[in-house]
Amino acid sequence: MRKPFIAGNWKMNTDSHSGVKLVQDIIAGCGEIAGNKVDVAVCPPFVYLQQVGKALSSSRVALGAQDIYFEQKGAFTGEISPAMLKDVGCTYALCGHSERRHVIGETDELINKKVHAAILGGLLPILCVGELLEERKQNKTTEVVTRQMKKGLAGLTPEKVSAVTIAYEPVWAIGTGLTATPQQAQEVHALIRELMAQMYNKKIASEVRIQYGGSVKADNAGELMGQEDLDGLLVGGASLKADDFVTIIKASA
Ligand code: PGA
C-alpha cells in the first residue's frame, strides 16, 4: 500500500515569523495523522528552512527544499548544495518544479543532475513533470510527460529510483484556479506508472508515489485522492493557510 504523501510548496511566500506560525498551526491541526496515516512535508523558502525546521523538529511533519544544486560545494554563487539542505534538516527536495523549468529555464538535463545529487546527498527528490496548456491543446501531454520522466530519471538504478516521488503538475493548472479534473489527472498518473513499469519493473511501478499538483484546494482534494493512481498532492497556494492545508491532509488520510 502506498501511504499518501502531501507536501506544501510555499514558493516565495511567508517570512520568518509567519512561516514558523504556519508550521506550528499545521502540526497542531493534523495531530496524530502526520507521519502515521499520511506523510506530510512543508517546503519553505531556503532562508527560513532552519527556523521552520526547528519548529517542526519534534513533530512528524518533514522539511523539504524547493530546489537544490547538483554540485557538492565550491564556486557556485547563490546555489545550495545537498549537504547544506541535509545539514538544516531537509528530508525532501523538489526537482524541476514548473516555475523553475519555465521561469528560470531549467532543462531536463539539469533537473536530472539535481535528482542524482539529491539521492547521493541522502535526500528524497520529488521530480515534477507536467505539460503546458499549448502542449495539452496539441495533444502532446503524453509526449511531454514521457520525455520529462525519461530524461529526469536517466541513469538512476532501480535501487536509487525508489527514493523518488513523482509530482504531476499540469502547468496550466498551477496557481490558475483551473484544476485538472480527477479523470484528467488519473489518466496521466496511470501513464507515469506505466512508464515506471517500462523503465524499471512492475514492483517499482506499484510502489512509486505520484502526487498531483495544480490548484489543489480543501474542497477538491478528496475527489482527486479518490483516483486509483493518485498517491498524494503537491499544494501551493492552499498550503499557505494552515486550516486549508490541514483539511487537505485529513481528506487524504
Ligand atoms: P498551486 O501550486 O497549488 O498554487 O496551484 C502548486 C505547485 O506549484 O506546486
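The values are calculated or read from the model by the stated rules, or taken from the named source; none is laboratory data. Note that the structure is a prediction, hence the values are computed from the model and not measured. Cβ: placed from backbone, ideal geometry, glycine included. Neighbour counts: every protein chain shown.
How do the pairs read when you match residues in segment 1-30 that are more than 16 Å from the ligand (Cβ to nearest atom) and of a type in the set (Ser, Thr, Tyr) with residues anywhere that are modelled with pLDDT of 95 or more and part of a helix (DSSP H, G or I), using Cβ under 9 Å and keeping only pairs 6 or more apart or on different chains?
Note: pairs meeting the criteria are Ser16/Val47; Ser16/Tyr48; Ser16/Gln51; Ser16/Val52; Ser18/Leu240.
If the requirement is being at pLDDT 95 or above and touching a strand residue (DSSP E or B) at 6+ places or on another chain (Cβ under 8 Å), which of these qualifies: Gly152, Gly222?
Residue meeting the stated conditions: Gly152.
With the checklist (1) within 15 Å of the chain's Cα centre (by Cα); (2) within 14 Å of Val129 (Cα to Cα); (3) more than 10 Å from the ligand (Cβ to nearest atom) in hand, flag the one item Asp231 doesn't pass.
Result: Asp231 fails condition (2) only.
For segment 62-170, which fully contained helices (runs of 4 or more DSSP H) count at least 2 residues that are over 27 Å from Ile27 (Cα atoms)?
Qualifying helices (runs of 4 or more DSSP H): 108-120, 133-137, 141-152, 158-161.
Within segment 52-74, can you find the residues that are farther than 26 Å from Ser252 by Cβ, more than 19 Å from the chain's Cα centre (by Cα) and buried (at least 16 other Cβ atoms within 10 Å of the Cβ)?
none
Given the criteria modelled with pLDDT under 95, more than 16 Å from the ligand (Cβ to nearest atom) and either over 18 Å from the mean Cα position of the chain (by Cα) or of a type in the set (A, V, I, L, M) (or both), does Ala253 qualify?
Taking the combined requirement at face value, the residue satisfies it.
Please find, within segment 179-221, the residue that is surrounded by the most Cβ atoms within 10 Å (Cβ to Cβ) out of those that are among the polar types (S, T, N, Q), within 16 Å of the ligand (Cβ to nearest atom) and not in a loop (DSSP other than H, G, I, E, B).
Gln211
Report yes if some residue within segment 10-28 is in contact with a Phe, Trp or Tyr (Cβ under 7 Å, 6 or more places away or on another chain) and part of a strand (DSSP E or B); otherwise report no.
No, segment 10-28 contains no residue that is in contact with a Phe, Trp or Tyr (Cβ under 7 Å, 6 or more places away or on another chain) and part of a strand (DSSP E or B).
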